[in-house]
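Beneath this line is the structure, given in structure tokens, with notes to follow.
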């Protein structure tokens, strides 16, 4: 579905969107750190934000814009989270929106704001102002790559994707940029994801779709169990495709929904795979529970276990740590009914370690992508969580002062 | 309260207890790995066990003994957890009790069993049998040190303590050995703790005390958030002090309770401080919540955050990660009412980073023992959790195959 050719186009792949990414001098590294995404045609907007009780200033401001339902731009910076910055921080976030609004020529309350980086430090407003001016001047249909690079922090690469689908006989495009890395956990910690589309849909209906989809995509990943103050997923739909408006319950809605879900799941997987210091990408499928929530709880218990994560880092087929994490998840389970497989190879069944070929299992453990299947035998529900291992590098990245 | 002089006496400090620790060849290292604790005079017994749905065979057997209320011995091994070993494992755990019973001359159902080490491997019964015979032959009042060393795994040292208090005008003694290290988390994961006393108390009353005390001691520590299949706390009271029986609600009960609590909290702290790869011992005090449970939830959220743990490893006074962990704990909080202190130095207040002297804070972060205070300003309840940092060494220990 996602062609490499279109991936670079990212958020500017849908009609009517421009983007830019510039060096505002906020990151200590001097790399790109200020992104601007713009649509001249007004877009309907939907958003999902952190559930952390300590919400950063840009989250507070963007929530207000989402409530209004329409937007023309997203302005975001990396290097400073503008979190735990009190009244000054909130004023700075509002000023950030106003500065971008002035540059692109729209109302301040139609500009969404994002920040990621260290907590407790005020935005350098002079640098930010100059950066916003520079970004506005550089807005173009080729600007998505720079915008994507401007929002990353400890990510090893910028996540982007785009695709074109037919909705109601009309070609409709979607594009996205995202950053993740450390502090990733359900509720999308320090995760920024900006999705654009030229579909024609109301903000209310899009919000309904997005809220549901986040539950089976961004809320199903875990890098370290932490949840940030800043995480945000936004979708802007400007209708520039010329397609008819998508209505609830229509086949067009189903198509829109399926496409948005695929984008969100694809980005979720990439974010988990690029977790700080990650050397393994883990897909954890839990099935046979009574409810989706039960399956998710068990999968998250495995995904968050430092003992499981370090075992996979060490390529140790330590199913004992996995069954242990299943056991303490607090969900009804019977050890004798539970089956665990690594890469399709059964490693635990009937309450015991399964007999397996050592070569088979070591081949599985040596892979970068490893699937862990847990069959509980208690019902028909299931869930999938994406995660990564825990390495020396994770400790190094997070055990040192960094921006 | 705990004198260094008595610490070595451990579980044999109370009258009438003998112990031994021998090399049975179960640990690959060849170190001491089989412990036996014995009281000729029948002891009342109380126990608290893992809540993991996957309970190891020795836990199943010991639960039955605790139900019976009386015991003469504890036999425990390290190097093999006898967990996820099915019917064979259960038969082996029962045989382990029977072998010890035959050696010391008591009924099989008066012998408690413990195992710690790798999961999914059967006990080497021949080695175990020889080890139990050797341990029985070596039982002595000087055997606690060897017994303590025989139950440790990745611990860097054996935890032991003992003390004498006056209860009802009579000298009463307590002693203990414990092992912890990795997989430590509420519900006492891969934690074994054996406490002896010559107090005179019924198993029912002692069970009531122990169940309450575990909630504010062993269930308040976290090394890595994992909970094992084998964790066990046992108390044996043989009445050999000659003191009158302790009755519920009496001043004697209060004294017994306070002493047992102090022992359990002391061992909990030492276990947290000796977490795998730990370089820092963290005491996390959360106050000003509506309930103890709320305070515990917030403290555990901080204690379990890999980002907080790696920050302390790096001696980085990163209060942002702490307030973030407070925020996602899911407990009512108002950022502006919350105050965070590291080593008594306020680092966060009024929704903002507090002004602090850089030298002061770096002195705090350089210490081995660091106190994190979080005042929530929402009520009068409080809780304390003990934890440690996350180091390269943790990843190394758990990312390699090991016994």
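Just so you know, all these numbers are worked out from the coordinates, no wet-lab data involved. All figures in this text were calculated on a predicted structure; none of them were measured in a lab. Backbone-built Cβ (ideal geometry, glycine too); neighbour counts: all protein chains shown.
For this structure, a couple of remarks:
- Order of B:174, A:390, A:313, B:356 under a 10 Å beta carbon neighbour criterion, fewest first: B:356, A:313, B:174, A:390
- Taking every DSSP bridge with both residues inside the stretch B:281-398, close to 70 percent are antiparallel.
- Shape metrics for the stretch B:281-398, restricted to C-alpha atoms - Rg then Dmax, Å: 13.5, 42
- Of the residues B:380, A:389, the one with the fewest other Cβ atoms within 10 Å heads the list, and the complete ranking is B:380, A:389.
- Note on chain B: Cα-Cα pairs beyond 41 Å make up 16% of the total pair count.
- Ascending list, in nanometres, of distances separating the residue B:88 label from those of the other copies (7 Å, Cα toward Cβ): 6.6
- Annotation for residue B:28, label-to-label distances across the other copies: 4.0 nm (shortest first, one decimal, point 7 Å from Cα along Cα→Cβ).
- Gaussian network model of chain A, Cα within-10 Å springs - most flexible of A:18, A:269, A:341: A:341
- Bridge orientation summary for the stretch B:4-273: considering DSSP beta bridges with both residues in this region, about 70 percent are antiparallel.
- Only beta bridges with both residues in the protein assembly as shown are counted; by DSSP, about 70 percent of them are antiparallel.
- Using a Gaussian network model of chain B in which every pair of alpha carbons under 10 angstrom is joined by a spring, one finds that among B:194, B:328, B:38 the greatest mean-square fluctuation is at B:328.
- Here the Kirkwood formula puts the hydrodynamic radius of the protein assembly as shown at 28.0 Å, using every distinct Cα pair.
- Nm distances between copies for residue B:244, ranked from closest, using label points 7 Å along Cα→Cβ: 9.2
- Order of B:316, A:359, B:155 under a 10 Å beta carbon neighbour criterion, fewest first: A:359, B:316, B:155
- Our summary gives the stretch B:4-273 a relative contact order of 26 percent, counting only alpha carbon pairs under 8 angstrom and 6 or more residues apart.
- Over the residues of chain B, the helix contribution to mean residue ellipticity at 222 nm works out to -10500 deg cm²/dmol, using -39500 (n - 2.57) for each DSSP H run of at least 4.
- For the options B:178, B:71, B:258, a Gaussian network treatment of chain B with springs between C-alpha atoms closer than 10 Å singles out B:258 as fluctuating the most.
- Tensor-based shape of the stretch A:263-327 (alpha-carbon gyration tensor, a/c under 1.5 rounded, otherwise prolate or oblate): oblate
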